[in-house]
Amino acid sequence: MKTDVVIVGGGPAGLSLARALADAPLQVTVIERQPLEAIATPAYDGREIALTHRSVDTLKALGAWQYLPADEISPLNEAQVLNGASPFALSFEASNHGGGPLSLMVPNHRIREALYRTVQDQPNLTLLAGTGVAALRTDARAAEVTLDDGRTITAKLLVAADSRFSHVREQLGIAAEINRLGRSMMVCRVAHEGDHRGIATEWFDNHQTVAMLPLNGRRSSFVLTLPADGMEAITALDDTALGAELTRRYEGRLGRMTVDAPPKVYPLATTYARHFAATRAALIGDAAVGMHPVTAHGFNLGLQSQATLARLVIEAASRGRDIAAPSLLRRFEMTHRLASRPLYAATNFLVRLYTDERPGARLARHATLRAGSRFPLARRAITAMLMQR
């Protein structure tokens with residue numbers, strides 16, 4: 001089987017790239033290990049995505065936005081960072097940036113479902129579901145992928161979009177910085193008595209981190225981060241006991257909480273590939289950069305990476321040039337590294353500072369919040385980054 005672009009991974013980054021190439025004079029093949037049903041109607045996974053304005057525009061351009069249920073799109077108007085019992089809160093709001101929300105919250109499984117709907121009848125796309133990649137090789141002429149079922153696909157460009165622990169990245173011989181944090185994140189949709197007013201909070205308390213992400217009505221996504229060995233007791237609770245426990249952990253700020261959807265737990269790890277490209281190959285989404293969720297930019301960076309690659313590939317194809325030329329792949333890598341590395345480094349620094357329980361780190365956190373509250377220019381700069389208009 002021959003194709004122009006073969007994308008390994010049918011998640012948001014892979015499907016977005018496939019859709020972005022819909023009008024290009026190229027044949028596109030997507031390989032996804034999950035069965036077709038899991039791609040077409042993905043199960044609820046608990047994750048709520050804070051979409052920047054740029055990501056919203058990207059999803060609209062791809063034709064996916066129209067498929068998102070309106071009642072599941074929630075405005076995030078303001079974000080606050082809290083530290084322990086400190087009275088200082090670092091706040092970020094959109095009032096000085098044209099108004100409107102900072103970002104829009106949308107369930108991850110709804111975005112995946114919407115993206116599938118955009119590609120399900122795409123004429124230049126072949127979706128091979130229920131099979132994985134057994135082996136691959138690339139050279140100056142082509143990329144060759146051998147599937148688990150023995151079929152072989154030859155392409156001009158191979159794209160890895162198969163998670164932060166990318167098997168394709170490993171087979172390409174691209175090393176990655178992998179940080180297994182020894183912590184787990186539980187996400188649980190809750191209903192509560194109080195009004196969140198569209199404000200998201202990130203509270204770094206002693207030995208735990210709690211994020212509250214506002215959803216429509218008096219509901220939120222409760223994101224609890226604990227050492228991995230401390231999460232089992234929480235997840236063993238029934239819904240009534242879990243609601244009481246989450247209320248206690250958030251110190252009743254939003255009143256009594258009740259579980260609105262089953263909790264999901266994810267081990268935390270960050271990754272950053274040493275290279276985003278190799279001979280006739282590129283890495284996008286989490287295969288390139290696996291962000292810590294604390295700044296909510298992982299999904300947005302993934303969309304940005306595919307948009308950057310798609311633009312370069314479409315430009316080359318329209319001019320009859322090689323869509324995997326070394327110069328093109330170098331431009332992609334440089335562009336996405338400039339977009340991702342500062343944010344990745346800053347996020348990791350923030351996580352280290354606010355999860356360090358030593359007395360010196362606690363004092364540094366307190367000083368950071370006080371300083372941040374006194375420098376509106378810095379807050380506005382961070383707000384602009386969060387919004388990404």
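Below is a table of values for the structure above.
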quantity	calculated
Residue list for the range 238-265, restricted to those being open to solvent by 60 Å² or more (accessible area, probe 1.4 Å), within 27 Å of R180 (Cβ to Cβ), at pLDDT 95 or above and not basic (K, R)	V265
Residue list for the range 1-37, restricted to those being more than 20 Å from A287 (Cα to Cα), touching an Asp or Glu at 6+ places or on another chain (Cβ under 9 Å) and open to solvent by 30 Å² or more (accessible area, probe 1.4 Å)	P25, Q27
Failed condition for G100, given (1) on the phi < 0 side of the Ramachandran plot; (2) at pLDDT below 95	(1)
Residue within the range 57-78 that is β-branched (V, I, T), open to solvent by 10 Å² or more (accessible area, probe 1.4 Å), outside any loop (DSSP other than H, G, I, E, B) and modelled with pLDDT of 95 or more present	yes
Scope the range 33-60; condition under 15 Å from Q306 (Cβ atoms) and either in contact with a His (Cβ under 6 Å, 6 or more places away or on another chain) or among the small types (G, A, S) (or both); matching residues	S55
Given (1) open to solvent by 60 Å² or more (accessible area, probe 1.4 Å); (2) at pLDDT 95 or above; (3) of a type outside the set (V, I, T), index of the condition P359 fails	(2)
Per-region count, the range 270-298, residues open to solvent by 30 Å² or more (accessible area, probe 1.4 Å), at pLDDT 95 or above and under 18 Å from A50 (Cα atoms)	1
Search result, residues across the range 205-257 that are in contact with a helix residue (DSSP H, G or I) (Cβ under 9 Å, 6 or more places away or on another chain), touching a residue at least 60 places away in the same chain (Cβ under 8 Å) and more than 14 Å from M185 (Cβ to Cβ)	D205, N206, H207, L215, N216, L254, G255, R256, M257
Matching residues, the range 200-216, being of a type outside the set (A, V, I, L, M, F, W, C) and surrounded by fewer than 21 Cβ atoms within 10 Å (Cβ to Cβ)	D205, N206, H207, Q208, T209, N216
Which numbered condition G230 misses (of (1) at pLDDT below 95; (2) closer than 23 Å to A18 by Cβ)	(2)
So G372, is it at pLDDT 70 or above and buried (at least 18 other Cβ atoms within 10 Å of the Cβ)	no
Hits in the range 304-330 (condition: assigned to a loop (DSSP other than H, G, I, E, B) and out of contact with any strand residue (DSSP E or B) (no Cβ under 7 Å at 6 or more places or on another chain))	R319, G320, R321, D322, A325
Scope the range 330-349; condition within 28 Å of Q27 (Cβ to Cβ), open to solvent by 10 Å² or more (accessible area, probe 1.4 Å) and among the hydrophobic types (A, V, I, L, M, F, W, C); matching residues	M334
Single residue of S103, S91 found to be in contact with a helix residue (DSSP H, G or I) (Cβ under 9 Å, 6 or more places away or on another chain) and open to solvent by 30 Å² or more (accessible area, probe 1.4 Å)	S91
Qualifying residue in the range 217-236 (condition: open to solvent by 50 Å² or more (accessible area, probe 1.4 Å), of a type in the set (S, T, N, Q), touching a Leu at 6+ places or on another chain (Cβ under 9 Å) and at negative phi)	yes
Among (1) in a loop (DSSP other than H, G, I, E, B); (2) out of contact with any His (no Cβ under 6 Å at 6 or more places or on another chain), the one test that Y116 misses	(1)
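The values are calculated or read from the model by the stated rules, or taken from the named source; none is laboratory data. The model shown is predicted, which means the values in this text are computed figures rather than measured ones. For neighbour counting, all protein chains shown are included, and Cβ atoms are generated from backbone atoms with ideal geometry for every residue, glycine included. The area values use the complete protein model at the heavy-atom level, side chains included, leaving out ligands, DNA and RNA. Shrake-Rupley method; radii C 1.70, N 1.55, O 1.52, S 1.80 Å.
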